[in-house]
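For reference, the structure discussed in these notes is given below.
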Amino acid sequence: MTILAKEPTLSEQPTRGIPAPEDRQSVTVTGQALASLSSSGQYIPAPGGAPTEKFTLKRDHGILKIDGLPSVGKLSRPRLLTDWLFRLVYAPRNLYYWGDRNGQLLPYPVYVPSQGTGPATTLVNDLIYGPSGWLQGAAGTAFPAGSHLAAPIQVFPGPSGGRTALVNIYVPPHSVGLNKRKIALQVVATLTGSAYGAPMFRAVKIEINGRLWPQHPGLALGQSFSQGNIPHAQRGTKAYYLSQDGSLRSLAAGSVHGTAVARAGGTSQVALNRIAISATSNRLVGSATSNTLAGLGGPANTLYTASLTTSADGQQTLGQLHAQRTGISIATLSWDNLGDLWITGQKRHKPGVWVLPDGQAPAVAVNGADQVTALRVAPDGNRVAMIVRAGKSFQLQLGAIRQNSNGFWLTTSTRLGLSLPPPTALSWFGEDHLLVVTGSGANSQLWEVPVDGDSPTSLIKQSGILTVTAAGTDYPAYLGLVGNRQESLAGPKQLPADITAGQAIIYPG
(Lines give C-alpha, C1' and ligand atoms only; values in the text may rest on other atoms or scores of the structure.)
Protein backbone atom coordinates (compact mmCIF):
# COMPACT_ATOMS: atom_id res chain seq x y z
CA MET A 1 0.00 0.00 0.00
CA THR A 2 1.19 3.51 -0.83
CA ILE A 3 0.32 6.42 1.45
CA LEU A 4 -0.09 9.74 -0.34
CA ALA A 5 0.80 13.16 1.01
CA LYS A 6 -2.37 14.74 -0.39
CA GLU A 7 -5.37 14.05 -2.59
CA PRO A 8 -4.35 12.40 -5.88
CA THR A 9 -5.16 13.65 -9.36
CA LEU A 10 -7.31 11.71 -11.83
CA SER A 11 -6.93 11.60 -15.60
CA GLU A 12 -8.96 9.72 -18.17
CA GLN A 13 -7.18 6.93 -20.00
CA PRO A 14 -7.06 7.23 -23.80
CA THR A 15 -8.93 4.46 -25.60
CA ARG A 16 -6.30 4.03 -28.38
CA GLY A 17 -8.87 3.95 -31.14
CA ILE A 18 -11.12 1.41 -29.47
CA PRO A 19 -14.25 3.11 -28.16
CA ALA A 20 -14.99 2.31 -24.52
CA PRO A 21 -18.41 0.99 -23.58
CA GLU A 22 -20.76 3.80 -22.66
CA ASP A 23 -21.14 2.49 -19.10
CA ARG A 24 -17.38 2.15 -18.48
CA GLN A 25 -14.41 4.47 -18.25
CA SER A 26 -10.70 3.94 -17.45
CA VAL A 27 -8.83 6.45 -15.27
CA THR A 28 -5.31 6.85 -13.94
CA VAL A 29 -4.80 8.00 -10.35
CA THR A 30 -1.50 9.77 -9.60
CA GLY A 31 -0.30 11.04 -6.22
CA GLN A 32 2.74 12.19 -4.21
CA ALA A 33 4.15 9.24 -2.26
CA LEU A 34 4.66 9.87 1.46
CA ALA A 35 5.31 6.29 2.62
CA SER A 36 4.47 2.68 1.95
CA LEU A 37 3.04 0.01 4.22
CA SER A 38 4.63 -3.41 3.84
CA SER A 39 2.69 -6.67 4.01
CA SER A 40 3.95 -7.06 7.60
CA GLY A 41 2.63 -3.60 8.61
CA GLN A 42 5.95 -1.75 8.62
CA TYR A 43 5.65 1.97 7.76
CA ILE A 44 8.45 2.86 5.34
CA PRO A 45 8.99 6.54 4.46
CA ALA A 46 9.14 7.03 0.68
CA PRO A 47 12.09 8.82 -0.95
CA GLY A 48 9.66 10.53 -3.33
CA GLY A 49 8.03 9.64 -6.62
CA ALA A 50 4.54 9.75 -8.04
CA PRO A 51 2.89 6.30 -7.96
CA THR A 52 0.04 5.62 -10.34
CA GLU A 53 -2.82 3.13 -10.37
CA LYS A 54 -5.27 2.39 -13.17
CA PHE A 55 -8.93 1.76 -12.40
CA THR A 56 -11.94 0.86 -14.49
CA LEU A 57 -15.10 2.74 -13.57
CA LYS A 58 -18.60 1.45 -14.20
CA ARG A 59 -21.72 3.58 -14.37
CA ASP A 60 -24.29 2.60 -11.76
CA HIS A 61 -27.57 4.56 -11.84
CA GLY A 62 -25.76 7.48 -13.42
CA ILE A 63 -22.81 7.43 -10.98
CA LEU A 64 -19.33 6.17 -11.95
CA LYS A 65 -18.01 3.67 -9.39
CA ILE A 66 -14.82 1.59 -9.24
CA ASP A 67 -15.55 -1.70 -10.94
CA GLY A 68 -12.82 -3.57 -9.06
CA LEU A 69 -9.62 -3.07 -7.05
CA PRO A 70 -6.20 -4.05 -8.40
CA SER A 71 -5.32 -7.41 -6.93
CA VAL A 72 -2.22 -8.46 -5.00
CA GLY A 73 -1.82 -12.22 -5.17
CA LYS A 74 -5.23 -13.69 -4.39
CA LEU A 75 -6.38 -10.64 -2.43
CA SER A 76 -7.80 -7.31 -3.46
CA ARG A 77 -6.88 -4.49 -1.09
CA PRO A 78 -6.45 -0.71 -1.12
CA ARG A 79 -3.37 0.36 -3.07
CA LEU A 80 -3.46 4.13 -2.46
CA LEU A 81 -4.57 5.99 0.67
CA THR A 82 -4.18 9.65 1.53
CA ASP A 83 -2.31 10.30 4.76
CA TRP A 84 -5.37 11.65 6.62
CA LEU A 85 -7.41 8.60 5.64
CA PHE A 86 -4.56 6.26 6.58
CA ARG A 87 -4.40 7.87 10.06
CA LEU A 88 -8.16 7.45 10.36
CA VAL A 89 -8.22 3.71 9.67
CA TYR A 90 -4.75 2.53 10.80
CA ALA A 91 -2.97 2.88 14.14
CA PRO A 92 0.61 2.17 15.26
CA ARG A 93 1.11 -0.75 17.65
CA ASN A 94 4.13 -2.55 19.04
CA LEU A 95 4.74 -6.24 18.59
CA TYR A 96 6.97 -7.62 21.33
CA TYR A 97 9.58 -10.27 20.58
CA TRP A 98 12.41 -11.81 22.59
CA GLY A 99 15.86 -10.36 21.90
CA ASP A 100 18.36 -13.04 20.91
CA ARG A 101 21.23 -11.43 22.83
CA ASN A 102 19.68 -11.13 26.27
CA GLY A 103 16.23 -12.75 26.28
CA GLN A 104 14.40 -9.48 27.02
CA LEU A 105 11.30 -8.13 25.31
CA LEU A 106 11.77 -5.51 22.63
CA PRO A 107 9.22 -3.66 20.49
CA TYR A 108 8.75 -3.90 16.72
CA PRO A 109 6.38 -1.15 15.51
CA VAL A 110 3.72 -1.95 12.93
CA TYR A 111 0.49 -0.34 11.70
CA VAL A 112 -2.77 -2.28 11.90
CA PRO A 113 -6.44 -1.38 11.21
CA SER A 114 -7.79 0.55 14.18
CA GLN A 115 -11.33 -0.88 14.30
CA GLY A 116 -12.89 -4.27 15.06
CA THR A 117 -11.33 -7.44 16.47
CA GLY A 118 -9.23 -7.93 13.34
CA PRO A 119 -6.26 -5.87 14.63
CA ALA A 120 -5.81 -8.10 17.70
CA THR A 121 -5.95 -11.21 15.52
CA THR A 122 -3.38 -9.71 13.14
CA LEU A 123 -1.04 -8.85 16.02
CA VAL A 124 -1.22 -12.29 17.63
CA ASN A 125 -0.66 -13.99 14.29
CA ASP A 126 2.39 -11.79 13.73
CA LEU A 127 3.72 -12.85 17.14
CA ILE A 128 3.28 -16.50 16.17
CA TYR A 129 5.08 -16.09 12.83
CA GLY A 130 8.03 -14.25 14.37
CA PRO A 131 9.82 -11.00 13.50
CA SER A 132 10.32 -9.78 9.93
CA GLY A 133 12.06 -6.87 8.23
CA TRP A 134 15.04 -5.29 9.95
CA LEU A 135 14.46 -7.27 13.19
CA GLN A 136 14.63 -10.69 11.52
CA GLY A 137 17.60 -12.66 12.77
CA ALA A 138 18.03 -10.51 15.89
CA ALA A 139 14.94 -11.57 17.87
CA GLY A 140 12.55 -14.48 18.08
CA THR A 141 9.18 -15.67 19.31
CA ALA A 142 8.28 -18.10 22.11
CA PHE A 143 5.53 -19.73 20.02
CA PRO A 144 6.54 -23.22 18.81
CA ALA A 145 6.22 -24.05 15.12
CA GLY A 146 2.67 -25.08 14.27
CA SER A 147 1.03 -22.77 16.82
CA HIS A 148 -2.09 -20.84 15.82
CA LEU A 149 -5.16 -19.17 17.25
CA ALA A 150 -7.52 -21.92 18.34
CA ALA A 151 -10.59 -19.70 18.21
CA PRO A 152 -11.56 -16.10 17.41
CA ILE A 153 -10.40 -13.63 20.06
CA GLN A 154 -13.28 -12.84 22.41
CA VAL A 155 -13.77 -9.41 23.95
CA PHE A 156 -15.51 -8.70 27.27
CA PRO A 157 -16.13 -5.55 29.31
CA GLY A 158 -13.24 -5.08 31.71
CA PRO A 159 -12.40 -3.04 34.81
CA SER A 160 -12.57 0.77 34.80
CA GLY A 161 -14.38 0.85 31.48
CA GLY A 162 -11.62 -1.02 29.64
CA ARG A 163 -11.90 -4.23 27.66
CA THR A 164 -10.55 -7.70 28.37
CA ALA A 165 -9.51 -10.07 25.57
CA LEU A 166 -9.64 -13.86 25.77
CA VAL A 167 -6.91 -15.31 23.56
CA ASN A 168 -7.01 -19.09 22.98
CA ILE A 169 -3.81 -20.45 21.42
CA TYR A 170 -3.23 -23.93 20.06
CA VAL A 171 0.27 -25.28 20.67
CA PRO A 172 1.32 -28.66 19.22
CA PRO A 173 1.47 -31.31 21.99
CA HIS A 174 4.92 -32.15 23.35
CA SER A 175 6.49 -29.02 21.79
CA VAL A 176 10.18 -28.90 22.67
CA GLY A 177 11.15 -26.00 24.92
CA LEU A 178 7.60 -24.79 25.43
CA ASN A 179 7.50 -21.79 27.76
CA LYS A 180 3.89 -20.73 28.40
CA ARG A 181 4.92 -17.75 30.49
CA LYS A 182 7.00 -16.28 27.65
CA ILE A 183 4.09 -16.76 25.24
CA ALA A 184 1.77 -14.97 27.66
CA LEU A 185 4.28 -12.14 28.17
CA GLN A 186 4.48 -11.51 24.42
CA VAL A 187 0.70 -11.48 24.00
CA VAL A 188 0.00 -9.28 27.02
CA ALA A 189 2.77 -6.77 26.23
CA THR A 190 1.48 -6.46 22.66
CA LEU A 191 -2.26 -6.19 23.36
CA THR A 192 -2.00 -3.91 26.42
CA GLY A 193 0.82 -1.67 25.16
CA SER A 194 0.25 2.08 25.26
CA ALA A 195 3.33 3.42 23.49
CA TYR A 196 1.35 5.20 20.77
CA GLY A 197 -1.97 5.85 22.48
CA ALA A 198 -4.64 4.13 24.52
CA PRO A 199 -4.09 0.37 24.98
CA MET A 200 -6.12 -1.92 22.77
CA PHE A 201 -7.16 -3.91 25.86
CA ARG A 202 -6.94 -3.24 29.59
CA ALA A 203 -6.25 -6.92 30.34
CA VAL A 204 -5.85 -10.29 28.64
CA LYS A 205 -6.82 -13.83 29.59
CA ILE A 206 -4.67 -16.53 28.04
CA GLU A 207 -5.79 -20.04 27.16
CA ILE A 208 -3.30 -22.56 25.80
CA ASN A 209 -4.94 -25.57 24.22
CA GLY A 210 -8.20 -24.60 25.92
CA ARG A 211 -6.75 -24.35 29.46
CA LEU A 212 -6.34 -21.06 31.28
CA TRP A 213 -2.79 -19.89 31.99
CA PRO A 214 -2.05 -19.33 34.78
CA GLN A 215 -4.65 -21.70 36.18
CA HIS A 216 -6.49 -19.18 38.36
CA PRO A 217 -10.15 -18.77 37.39
CA GLY A 218 -10.99 -15.20 36.49
CA LEU A 219 -7.35 -14.00 36.49
CA ALA A 220 -6.73 -11.42 33.77
CA LEU A 221 -3.20 -10.19 33.04
CA GLY A 222 -2.68 -6.44 32.74
CA GLN A 223 0.14 -4.22 31.58
CA SER A 224 2.04 -4.63 34.86
CA PHE A 225 2.49 -8.35 34.12
CA SER A 226 4.93 -7.67 31.27
CA GLN A 227 6.56 -4.38 32.25
CA GLY A 228 9.36 -6.02 34.25
CA ASN A 229 10.53 -7.79 31.09
CA ILE A 230 10.79 -4.59 29.03
CA PRO A 231 14.03 -2.71 29.86
CA HIS A 232 13.58 0.85 31.12
CA ALA A 233 15.81 3.37 32.84
CA GLN A 234 16.40 2.35 36.45
CA ARG A 235 14.48 4.27 39.08
CA GLY A 236 16.46 7.28 40.27
CA THR A 237 18.69 7.31 37.19
CA LYS A 238 21.18 10.19 37.21
CA ALA A 239 22.98 11.96 34.40
CA TYR A 240 26.77 12.47 34.48
CA TYR A 241 28.96 15.20 33.06
CA LEU A 242 32.48 16.62 33.20
CA SER A 243 32.95 19.88 35.07
CA GLN A 244 35.18 22.64 33.72
CA ASP A 245 38.16 21.22 35.64
CA GLY A 246 37.59 17.79 34.06
CA SER A 247 36.21 16.06 37.17
CA LEU A 248 33.20 13.74 37.00
CA ARG A 249 29.92 14.93 38.50
CA SER A 250 26.44 13.41 38.76
CA LEU A 251 23.17 15.27 38.26
CA ALA A 252 19.87 14.13 39.75
CA ALA A 253 16.58 14.88 37.98
CA GLY A 254 15.33 18.36 38.89
CA SER A 255 18.75 19.63 40.05
CA VAL A 256 20.67 22.43 38.38
CA HIS A 257 23.98 21.75 40.13
CA GLY A 258 25.87 18.47 40.07
CA THR A 259 27.47 16.45 42.86
CA ALA A 260 31.16 15.66 42.68
CA VAL A 261 32.12 12.01 42.26
CA ALA A 262 35.07 11.23 44.54
CA ARG A 263 38.22 9.63 43.14
CA ALA A 264 39.67 6.61 44.87
CA GLY A 265 42.92 7.26 46.70
CA GLY A 266 45.98 7.12 44.48
CA THR A 267 44.09 7.30 41.18
CA SER A 268 45.77 9.14 38.33
CA GLN A 269 44.31 12.33 36.92
CA VAL A 270 43.50 12.15 33.19
CA ALA A 271 41.61 15.01 31.59
CA LEU A 272 38.62 13.33 29.93
CA ASN A 273 36.56 15.06 27.24
CA ARG A 274 33.83 12.48 26.57
CA ILE A 275 32.25 9.78 28.73
CA ALA A 276 29.73 6.92 28.77
CA ILE A 277 28.41 5.10 31.85
CA SER A 278 27.32 1.47 31.65
CA ALA A 279 23.59 0.89 31.90
CA THR A 280 23.87 -2.21 34.10
CA SER A 281 24.95 -2.27 37.74
CA ASN A 282 26.81 -5.12 39.39
CA ARG A 283 25.81 -5.89 42.98
CA LEU A 284 28.70 -5.67 45.45
CA VAL A 285 28.87 -6.42 49.17
CA GLY A 286 25.75 -5.22 50.99
CA SER A 287 23.74 -2.73 48.96
CA ALA A 288 26.68 -1.23 47.08
CA THR A 289 26.68 -1.37 43.27
CA SER A 290 29.26 -0.84 40.55
CA ASN A 291 28.95 0.53 37.02
CA THR A 292 31.72 1.15 34.51
CA LEU A 293 32.81 4.49 33.09
CA ALA A 294 34.34 4.71 29.64
CA GLY A 295 36.00 7.96 28.67
CA LEU A 296 38.22 9.57 26.06
CA GLY A 297 41.11 11.73 27.12
CA GLY A 298 44.79 12.53 27.10
CA PRO A 299 46.90 13.86 24.21
CA ALA A 300 46.06 10.88 21.97
CA ASN A 301 42.34 10.79 22.89
CA THR A 302 42.91 7.37 24.46
CA LEU A 303 40.01 5.21 25.64
CA TYR A 304 39.97 4.65 29.41
CA THR A 305 37.66 2.59 31.62
CA ALA A 306 37.14 2.67 35.38
CA SER A 307 34.73 1.32 37.98
CA LEU A 308 32.07 3.69 39.32
CA THR A 309 30.99 2.45 42.73
CA THR A 310 27.86 3.59 44.56
CA SER A 311 27.70 2.84 48.29
CA ALA A 312 24.56 1.96 50.22
CA ASP A 313 24.21 5.62 51.29
CA GLY A 314 24.52 6.91 47.70
CA GLN A 315 28.15 8.08 47.83
CA GLN A 316 29.95 7.52 44.52
CA THR A 317 33.63 6.83 43.88
CA LEU A 318 35.50 6.61 40.58
CA GLY A 319 38.26 4.01 40.51
CA GLN A 320 41.58 3.87 38.68
CA LEU A 321 41.45 4.67 34.97
CA HIS A 322 42.78 1.86 32.78
CA ALA A 323 43.84 2.54 29.18
CA GLN A 324 42.22 0.31 26.54
CA ARG A 325 44.50 0.13 23.51
CA THR A 326 42.27 -0.11 20.44
CA GLY A 327 44.15 1.58 17.61
CA ILE A 328 40.89 3.36 16.75
CA SER A 329 40.26 7.08 16.49
CA ILE A 330 37.00 7.01 18.45
CA ALA A 331 34.03 9.27 17.69
CA THR A 332 31.16 7.95 19.89
CA LEU A 333 30.67 5.62 22.86
CA SER A 334 27.57 3.60 23.86
CA TRP A 335 27.05 0.77 26.36
CA ASP A 336 24.47 -1.97 25.86
CA ASN A 337 22.68 -3.60 28.79
CA LEU A 338 24.93 -6.66 28.67
CA GLY A 339 27.97 -4.59 29.65
CA ASP A 340 29.53 -4.40 26.16
CA LEU A 341 30.92 -1.07 24.92
CA TRP A 342 30.09 -0.02 21.35
CA ILE A 343 32.29 2.56 19.62
CA THR A 344 32.31 4.29 16.24
CA GLY A 345 35.34 5.86 14.66
CA GLN A 346 38.12 5.19 12.17
CA LYS A 347 40.92 2.66 11.99
CA ARG A 348 43.59 3.29 9.38
CA HIS A 349 41.30 5.99 7.96
CA LYS A 350 38.45 3.51 7.44
CA PRO A 351 35.18 4.20 9.35
CA GLY A 352 33.35 1.48 11.23
CA VAL A 353 31.81 0.15 14.44
CA TRP A 354 33.57 -1.98 17.05
CA VAL A 355 32.58 -3.75 20.28
CA LEU A 356 34.65 -4.12 23.45
CA PRO A 357 33.10 -7.14 25.20
CA ASP A 358 32.69 -6.33 28.91
CA GLY A 359 34.34 -2.99 28.11
CA GLN A 360 37.76 -4.59 27.61
CA ALA A 361 40.12 -4.49 24.62
CA PRO A 362 40.71 -5.87 22.06
CA ALA A 363 37.94 -4.28 20.03
CA VAL A 364 35.91 -6.59 17.76
CA ALA A 365 34.88 -5.20 14.37
CA VAL A 366 31.13 -5.21 13.59
CA ASN A 367 30.17 -6.45 10.12
CA GLY A 368 27.93 -4.35 7.89
CA ALA A 369 28.68 -1.04 9.62
CA ASP A 370 31.35 0.64 7.48
CA GLN A 371 29.29 3.81 6.89
CA VAL A 372 28.08 4.35 10.48
CA THR A 373 29.40 7.56 12.06
CA ALA A 374 27.44 7.55 15.35
CA LEU A 375 25.47 4.89 17.19
CA ARG A 376 23.32 4.50 20.30
CA VAL A 377 22.20 1.12 21.60
CA ALA A 378 18.55 1.00 22.73
CA PRO A 379 17.60 0.26 26.36
CA ASP A 380 16.72 -3.31 25.28
CA GLY A 381 20.33 -3.98 24.21
CA ASN A 382 19.30 -5.33 20.79
CA ARG A 383 18.24 -2.37 18.64
CA VAL A 384 20.53 0.43 17.49
CA ALA A 385 19.86 3.94 16.21
CA MET A 386 22.57 5.19 13.88
CA ILE A 387 23.77 8.15 11.87
CA VAL A 388 24.93 6.73 8.55
CA ARG A 389 26.91 8.37 5.78
CA ALA A 390 24.99 8.41 2.48
CA GLY A 391 27.15 9.94 -0.24
CA LYS A 392 27.90 13.49 0.83
CA SER A 393 25.11 13.60 3.40
CA PHE A 394 23.99 11.69 6.50
CA GLN A 395 20.84 9.73 7.40
CA LEU A 396 19.13 8.45 10.53
CA GLN A 397 18.64 4.67 10.50
CA LEU A 398 17.32 1.93 12.78
CA GLY A 399 18.72 -1.60 12.89
CA ALA A 400 19.35 -4.50 15.24
CA ILE A 401 22.33 -6.46 16.53
CA ARG A 402 23.02 -10.04 15.50
CA GLN A 403 25.60 -11.94 17.50
CA ASN A 404 26.95 -15.48 17.43
CA SER A 405 30.23 -17.29 18.00
CA ASN A 406 31.61 -15.77 14.77
CA GLY A 407 31.10 -12.14 15.81
CA PHE A 408 28.72 -9.21 15.54
CA TRP A 409 26.53 -7.93 12.68
CA LEU A 410 24.03 -5.15 12.16
CA THR A 411 20.86 -6.16 10.34
CA THR A 412 19.67 -4.42 7.20
CA SER A 413 18.45 -1.13 8.59
CA THR A 414 15.40 1.00 7.89
CA ARG A 415 15.56 4.76 7.45
CA LEU A 416 13.86 7.12 9.90
CA GLY A 417 12.91 10.78 9.68
CA LEU A 418 13.12 11.09 5.90
CA SER A 419 12.46 14.85 6.05
CA LEU A 420 15.21 15.51 8.63
CA PRO A 421 18.18 17.69 7.78
CA PRO A 422 21.47 15.77 8.16
CA PRO A 423 21.67 14.56 11.80
CA THR A 424 24.72 15.22 13.99
CA ALA A 425 23.84 13.63 17.38
CA LEU A 426 21.15 11.35 18.80
CA SER A 427 19.78 9.69 21.93
CA TRP A 428 17.06 7.17 22.70
CA PHE A 429 14.03 8.78 24.34
CA GLY A 430 12.43 5.73 25.91
CA GLU A 431 11.85 2.63 23.79
CA ASP A 432 9.81 4.18 20.96
CA HIS A 433 11.32 7.58 20.17
CA LEU A 434 14.64 9.28 19.52
CA LEU A 435 15.87 12.80 20.19
CA VAL A 436 18.03 13.98 17.31
CA VAL A 437 20.21 17.06 16.75
CA THR A 438 20.55 18.42 13.22
CA GLY A 439 22.60 21.25 11.81
CA SER A 440 25.36 23.22 13.49
CA GLY A 441 26.05 26.73 14.71
CA ALA A 442 23.09 29.02 14.27
CA ASN A 443 21.17 26.32 12.36
CA SER A 444 21.08 23.61 15.02
CA GLN A 445 17.72 22.06 15.96
CA LEU A 446 16.39 19.36 18.27
CA TRP A 447 13.84 16.87 16.91
CA GLU A 448 11.70 14.08 18.30
CA VAL A 449 11.64 11.12 15.92
CA PRO A 450 9.30 8.12 16.43
CA VAL A 451 10.83 4.78 15.44
CA ASP A 452 7.56 3.61 13.84
CA GLY A 453 8.53 5.53 10.68
CA ASP A 454 6.23 8.49 11.29
CA SER A 455 7.31 12.08 10.60
CA PRO A 456 9.72 13.87 12.98
CA THR A 457 8.65 16.83 15.11
CA SER A 458 10.85 19.90 15.58
CA LEU A 459 11.14 20.71 19.30
CA ILE A 460 13.72 23.49 19.54
CA LYS A 461 15.55 25.76 17.13
CA GLN A 462 18.54 27.06 19.06
CA SER A 463 22.05 28.05 18.19
CA GLY A 464 24.96 25.88 19.26
CA ILE A 465 23.39 22.51 20.18
CA LEU A 466 26.11 19.84 20.10
CA THR A 467 24.75 16.84 22.01
CA VAL A 468 21.54 15.43 23.52
CA THR A 469 20.91 12.73 26.12
CA ALA A 470 17.64 11.32 27.45
CA ALA A 471 16.33 8.43 29.56
CA GLY A 472 12.61 8.47 28.80
CA THR A 473 9.62 10.65 29.60
CA ASP A 474 10.07 10.33 33.38
CA TYR A 475 13.39 12.19 33.30
CA PRO A 476 14.56 15.52 31.87
CA ALA A 477 16.56 15.52 28.66
CA TYR A 478 19.85 17.43 28.61
CA LEU A 479 21.51 19.43 25.86
CA GLY A 480 25.22 20.14 25.54
CA LEU A 481 25.98 23.44 23.82
CA VAL A 482 29.05 25.34 22.65
CA GLY A 483 31.03 27.14 25.33
CA ASN A 484 30.50 24.44 28.00
CA ARG A 485 26.85 25.43 28.37
CA GLN A 486 24.29 22.82 29.41
CA GLU A 487 20.50 22.93 29.45
CA SER A 488 17.72 20.73 30.78
CA LEU A 489 14.48 20.01 28.96
CA ALA A 490 11.62 18.90 31.23
CA GLY A 491 9.45 17.69 28.34
CA PRO A 492 9.08 17.84 24.56
CA LYS A 493 6.85 20.94 24.74
CA GLN A 494 8.89 22.73 27.43
CA LEU A 495 11.47 25.45 26.96
CA PRO A 496 15.06 24.52 27.89
CA ALA A 497 16.54 25.89 31.12
CA ASP A 498 20.19 26.60 31.90
CA ILE A 499 21.95 24.34 34.39
CA THR A 500 25.50 24.19 35.68
CA ALA A 501 28.35 24.61 33.19
CA GLY A 502 30.11 21.49 31.94
CA GLN A 503 30.51 19.19 28.99
CA ALA A 504 29.79 15.65 27.73
CA ILE A 505 26.56 15.28 29.75
CA ILE A 506 25.16 11.77 29.38
CA TYR A 507 22.74 9.27 30.90
CA PRO A 508 23.87 5.67 31.44
CA GLY A 509 23.76 3.64 28.26
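Can you grab the distance from the C-alpha centre of region 395-451 to the C-alpha centre of region 114-139, Å, no decimals? Their Cα centres are 23 Å away from one another.
Peptide packing for 207-216, 185-194 was compared via the average number of neighbouring C-beta atoms within 10 Å per residue; ordered from the highest value, the list is 185-194, 207-216.
Could you sort 445-457, 83-95 so that the peptide with the highest average Cβ count within 10 Å comes first and the rest follow in order? List each step's numbers first, then the result.
Values: 445-457: 20.5, 83-95: 18.0.
Result, highest mean Cβ count within 10 Å first: 445-457, 83-95.
Considering all different alpha carbon pairs of the chain, the Kirkwood hydrodynamic radius works out to 25.3 Å.
Can you give me the % of accessible surface on region 269-349 that is carbon or sulfur? Probe 1.4 Å, all protein chains present, nothing else counted.
That share works out to 48 percent.
Take each peptide in 259-265, 468-474, 407-413, count the other Cβ atoms within 10 Å of every residue, and average; sorted highest first, the result is 468-474, 407-413, 259-265.
Would you calculate a helix-derived [θ] at 222 nm for the chain, using -39,500 (n - 2.57) for each DSSP H run of n ≥ 4 and dividing by the full residue count, to the nearest 500?
It lands at -2000 deg cm²/dmol.
Basic side chains Lys and Arg get +1 at the Cβ, acidic Asp and Glu get -1 at the Cβ, and with that the dipole of region 407-504 about its Cα centre reaches some 340 debye. 3J(HN,Hα) along region 231-242: x, 9, 4, 5, 4, x, 4, 10, 8, 10, 8, 9 Hz, from the Karplus curve 6.51 cos²θ - 1.76 cosθ + 1.60 with θ = phi - 60°, whole Hz, x for Gly and Pro.
Can you tell me the FRET efficiency between VAL270 and SER393 if r is taken as the Cβ-Cβ distance and R0 is 35 Å, rounded to the nearest 0.05?
Numbers: r = 36 Å, r/R0 = 1.02.
The computed FRET efficiency comes out at 0.45.
Report the FRET efficiency, 1/(1 + (r/R0)^6), for THR457 and ALA300, where r is their Cβ-Cβ distance and R0 is 51 Å, rounded to 0.05. Don't jump to the answer; show the numbers that get you there.
Details: r = 40 Å, r/R0 = 0.79.
Taking R0 as 51 Å, the efficiency between THR457 and ALA300 is 0.80.
If the segment from GLN346 to ARG24 were pulled out straight at 0.36 nm per residue, it would be longer than the present Cα-Cα gap by 109.6 nm. In straight-distance terms, cross-link reach from LYS238 covers every one of the aspartates and glutamates whose alpha-carbon lies under 19 Å from its own, apart from those fewer than eight places away in the same chain; here that gives ASP313, ASP336, ASP380, GLU431, ASP474, GLU487, ASP498. The per residue volume of the convex hull around the alpha-carbon atoms of region 204-285 is 188 Å³. Working note: Karplus 6.51/-1.76/1.60 with θ = phi - 60° gives region 386-393 the couplings 9, 9, 10, 6, 10, x, 9, 10 Hz, where Gly and Pro are set to x. Couplings 3J(HN,Hα) of region 51-57, computed from phi: x, 10, 9, 9, 10, 9, 9 Hz, in residue order, whole Hz [Karplus 6.51 cos²θ - 1.76 cosθ + 1.60, θ = phi - 60°; x for Gly and Pro]. Using R0 = 22 Å, the C-beta based FRET efficiency linking ALA50 and ARG415 works out to 0.65. In this structure, the pairs whose alpha-carbon distance is over 31 Å, taken from LYS182/LYS493; LYS6/LYS493; LYS392/LYS493; LYS6/LYS58; LYS6/LYS182, are LYS182/LYS493; LYS392/LYS493; LYS6/LYS182. Between helix 118-129 and the chain there is an angle of about 60 degrees, using the helix long axis and the longest principal axis of the Cα atoms. Remark: the HIS174-GLN234 segment gains 17.7 nm on full extension, using 0.36 nm per residue and subtracting the alpha carbon distance.
Calculate the dipole size of the chain relative to its Cα centre from +1 charges on Lys and Arg beta carbons and -1 charges on Asp and Glu beta carbons; express the result in debye to the nearest 20. Present the calculation step by step, with values, prior to reporting the outcome.
Details: 39 positive and 26 negative charges, 96 e Å.
I would put it at about 460 debye.
Could you name the lysines in cross-link range of LYS65, using Cα to Cα under 18 Å and dropping any fewer than eight places away on the same chain? Here the lysines satisfying the reach criterion relative to LYS65 are LYS54. Computed from point charges on the beta carbon alone (+1 for Lys and Arg, -1 for Asp and Glu), the dipole magnitude for region 245-351 about its Cα centre is near 400 Debye.
Helix 180-192 axis versus longest C-alpha principal axis of the chain: approximately 70°, rounded to the nearest ten.
A straight chain from LYS6 to TYR129 at 0.36 nm per residue would run longer than the Cα-Cα distance by 40.8 nm.
The values are calculated or read from the model by the stated rules, or taken from the named source; none is laboratory data. All values reported here derive from a predicted model rather than from experimental measurement. Heads up, the Cβs are rebuilt from the backbone with ideal geometry, glycines too, and the neighbour counts pull from every protein chain shown. These area figures cover heavy atoms from the full protein model, side chains too; ligands, DNA and RNA do not enter into them. Shrake-Rupley method; radii C 1.70, N 1.55, O 1.52, S 1.80 Å.
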